[in-house]
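Presented below is the structure to which this report refers.
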Amino acid sequence: MEGDTFSGSGNGTQLDSQIVHTFQKSFVQVQNIFDQNRLLINEINQNHESKMPDNLSRNVGLIRKLNNNIRTVADLYADLSTNFTKSMDASSEGDSSGALKSGIACQKRSRPTGQ
């Protein structure tokens, strides 16, 4: 996606490649954790269904790992949200047309005039 051009409100500008790289990196991290969680959940379910004491006690550690992964994903999304907000604020400073410099359209709503 680096170097891609997006048009918004007739404004064809390039996204900052550092911002795109940061977002891509975070989304890859999240997807990797989701993949790991899927495997953890499968193993937890198999252990639960086996009802074997060793497997059930192993689930305690697996569930802790799953909970930590969920916390990590929430933190990554919080960071993404903060970074996105900052990048949008920075790219729209001084731009009163409603079109962001990043190329993502932000259209102003026009209010109906009193009739």
Considering only the other residues whose Cβ falls under 10 Å of the Cβ of Thr22, what net charge follows from Lys and Arg at +1 and Asp and Glu at -1? -1
Per 0.36 nm of contour for each residue apart, how much would the distance between Ser57 and Arg38 grow if the chain were fully extended, relative to their Cα-Cα spacing? 4.9 nm
Zone of Val73 (label point 7 Å along Cα→Cβ, backbone N under 16 Å): which residues in region 29-56? 29-45
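Every read-out reported here was derived from the displayed coordinates using simple, explicitly stated rules and does not represent laboratory data. What you see is a predicted model; the values in this text were computed from it and never measured. All Cβ positions, even for glycine, are placed from backbone atoms using ideal geometry, and neighbour counts span all protein chains on display.
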